[in-house]
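Rule-based calculations on the coordinates, nothing more; no lab input. None of these values were measured; they are calculated from a predicted model. As a convention, Cβ positions derive from the backbone with ideal geometry for all residues, glycine included, and neighbour counts pool all protein chains shown.
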Amino acid sequence: MKAVKAIKQNIEQQNFIKMKQLYEQAVSLLEKLISIRSFSGEERVAADAVEKFLNERSVSTIRKFNNIWCYNKYFDQEKPVIMLNSHLDTVKPNSQYVNDPFEPLIKEGKLYGLGSNDAGGPLVSLISTFLYFYERKDLPFNLCLATTAEEENSGQKGIRCILDDLMPISFAIVGEPTNMQLAIAEKGSMVLDCISTGRSGHAAREEGDNAIYKAIKDIAWFSTFDFPIESNMPNPVKMTVTQINAGLQHNIVPGECHFTVDIRFDHSYTAREILNTIKNHTFCDTTLRPNVLTPSSIDILHPLVKAGIAIGRQTYISPTSSDQGWLEMPSVKMGPGDSARSHTADEYIYLSEISDGITIYIDLLESIFPYLSNNPKSALQLDEPQHN
Ligand SMILES: [Zn+2]
């Protein structure tokens, strides 16, 4: 008995050391990434750093533009592939920053810096999780770690451009700050550029047809219209006018007024239905920007969701969109940090959120083992992606 106890203690001790090492590496990698400017489209040096970090740990990586990906050491074609994805790019720091956004600063248990919360914490926690499983021979799944670019601007050279290069993915965990809760659906988003057209004229005479007055009528519609839905259901489409521009000088009746509408929507309406409704109710000319992100969701009975609930995670519908919108396989969004801290001045993440993040990600993946151990691929075939 004593010997068994000693072995058990030894394993626990080794695991503790391994977890501590993974956590410390995650924090120092995050500090490094904060110090590197990585605005969308400019992630080259950040991608170099992640590539070097992985290569130094004997992980061979594949790269396309500033996207880096890799697989577990004992990749097995017979097993499903789980993608762990998060993004390298950050938004630009706003003018309210007091700290240097590019100087990692640890104070009172928090790590400050641009991108620390969105999505540095989730990114380094997923990297550590990948490393935890990397050399395991007994996994019932494969792992694909993908650290990708151009998330914040929904750019062409982000995750979209590597999806066809990856091994077929069965499902994905997208690392974004969610307080480690499971976002099982995410709203879609699209942007509409609108032009109200009138006729220019001198402001002093009864001339022209004021485009601003025309725009006001349409803007009033955008701000008040509710897309019909069953009672008690959340509003399926949220339209917000976010920019407006008109006029040349004070004494000219403006002939054109331009404004922009940000639209977030769930599965109740397709993008086409929303656009048709808008066209039927407004007078302006509308142009849809090309990067429409579709709403995503995963079946509540999917093993990943069941495993998450089993380890005490809560599920919710996320109002924000992410790279999940490009994925056609089932996915959840989950990561350490708080979405409310993203894109704010003096962004930070608690160090405890990173260590908990790594532990919970590992727990989640280990909780999927029983679902995949017999006949792993068919366990996932029930769950087709739910996109429209
Ligand atoms: Zn993000």
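Coordinate range of the alpha-carbon atoms in the stretch 52-99 per principal axis, descending: 51, 24, 20 Å.
Between Ala46, Ala204, Ala183, the GNM of the chain built on Cα springs shorter than 10 angstrom shows Ala204 fluctuating the most. Using the Cβ atoms and a cut-off under 12 Å, what net charge is assigned to the surroundings of Thr344, where Lys and Arg are +1 and Asp and Glu are -1? Around Thr344, the surrounding residues sum to -3. Normalised by the number of residues in the stretch 188-288, the average gap of Cα pairs under 8 Å and 6 or more apart makes the relative contact order 42 percent.
What angle do you read, to the nearest 10 degrees and between 0 and 90, between the alpha-carbon axis of helix 2-35 and the longest principal axis of the chain? With rounding to tens, the tilt is 30 degrees.
Listed from fewest to most Cβ neighbours within 10 Å, the set Ser318, Ser296, Ser28 follows the order Ser28, Ser318, Ser296.
The helix-only estimate of mean residue ellipticity at 222 nm for the chain, built from DSSP H runs of length n ≥ 4 each weighted as -39500 (n - 2.57), is -10000 deg cm²/dmol after division by the residue total. Summing Cβ point charges (Lys, Arg +1; Asp, Glu -1) relative to the Cα centre of the stretch 1-89 gives a dipole of roughly 460 debye. Taking the chain as a whole, the Cys residues whose C-beta sits 4.7 Å or farther from every other Cys C-beta are Cys70, Cys144, Cys161, Cys257. Panel order for Arg264, Arg57, by other beta carbons found within 10 Å of each beta carbon, from fewest to most: Arg57, Arg264.
Positive end of the dipole of the chain (Cβ unit charges, origin at the Cα centre): among Ala6, Ile349, Gly115, the Cα lying farthest that way belongs to Ala6.
Only Cα pairs under 8 Å and 6+ residues apart enter the sum, and on that basis the relative contact order of the chain stands at 23 percent. Using the Cβ-Cβ distance between Val4 and Asp164 with R0 set to 51 Å, the FRET efficiency from 1/(1 + (r/R0)^6) comes to roughly 0.50. Cross-link partners for Lys279 among the aspartates and glutamates, with Cα-Cα distance under 14 Å and sequence neighbours closer than 8 places in the same chain left out: Asp193, Asp218.
Where nothing but the Cβ of Lys and Arg (+1) and of Asp and Glu (-1) is charged, how large is the charge dipole of the stretch 188-288 around its Cα centre, in debye to the nearest 20?
My answer is approximately 60 debye.
Between the helical axis of 351-372 and the longest alpha-carbon principal axis of the chain there is an angle of about 70 degrees. Between Thr90 and Ser38, Phe39, Ser40, the built amide H atoms are under 5 Å apart, and every one of these is 5 or more places off in sequence or on another chain. Between Asp164, Asp346, Asp100, find the one with the highest GNM mean-square fluctuation for the chain; connect C-alpha pairs within less than 10 Å. Result for the chain, Cα springs under 10 Å: Asp164 fluctuates most.
Quick one: Debye curve from the C-alpha atoms of the chain, no solvent, what's log10 I(q)/I(0) at q = 0.08, 0.10 Å⁻¹? Each listed q maps to, in turn, -0.49, -0.71. Among Val253, Val124, sorting on how many other beta-carbon atoms sit within 10 Å of each Cβ, with the fewest leading, yields Val253, Val124. Once R0 is set to 25 Å, what does the formula 1/(1 + (r/R0)^6) return for the Cβ-Cβ distance between Arg272 and Asp193, expressed as a FRET efficiency to the nearest 0.05? Rounded to the nearest 0.05, the efficiency is 0.90. Count Lys and Arg as plus one, Asp and Glu as minus one, and take only other residues whose Cβ is under 14 Å from that of Lys333; the net charge is then -4. For the pair Ile300 and Asn15, label points projected 7 Å from Cα toward Cβ lie 3.2 nm apart. GNM on the chain, alpha-carbon springs under 10 angstrom: the most fluctuating residue among Thr294, Thr320, Thr90 is Thr320. Which of the residue pairs Lys157/Lys187; Lys8/Lys107; Lys217/Lys238; Lys92/Lys137; Lys5/Lys79; Lys110/Lys333 have a Cα-Cα distance greater than 30 Å in the structure shown? Check vs 30 Å cut-off fails for Lys8/Lys107; Lys92/Lys137; Lys5/Lys79.
Helix 44-56 and the long axis of the chain differ in direction by around 10°, with both axes built from C-alpha atoms.
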